[in-house]
1. When ranked by the protection proxy of mean other Cβ atoms within 10 Å per residue, highest first, what sequence do the peptides 31-40, 6-15 form?
2. Averaged over every viewing direction, what's the projected area of the C-alpha convex hull for the chain? Give it in nm², one decimal, please.
3. Relative to the Cα centre, what is the charge dipole magnitude of the chain, using +1 at the beta carbon of each Lys and Arg, -1 at the beta carbon of each Asp and Glu, and rounding to the nearest 20 debye?
Amino acid sequence: MLDGTDLANALLTESSIDDAVRAYENLILPRSAQATQDCAKPLDNLIPPTDS
């Protein structure tokens, strides 16, 4: 829901759709990268690395 709110806000505040998408991506990409890292941490405990 936060993503939808951020996109709506960008669409309302930016001067064009392209600018709104860029502003939205500047918010969502770092947040999604952090979420990916947070989700990967528990997997390291379940699937230990192998030495190849």
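1. On the way: 31-40: 10.0, 6-15: 13.5.
Highest mean packing first, the order is 6-15, 31-40.
2. Numbers: hull surface 20.3 nm².
Across all orientations, the chain yields a mean hull projection of 5.1 nm².
3. Details: 3 positive and 9 negative charges, 24 e Å.
With Lys and Arg at +1 and Asp and Glu at -1, about 120 debye.
Every number in this text was worked out from the coordinates using simple rules, so none of it is lab data. Here the structure is a predicted model, which means the values were calculated and not measured. Positions of Cβ are generated from backbone atoms using ideal geometry, with glycine treated the same way; all protein chains shown enter the neighbour counts.
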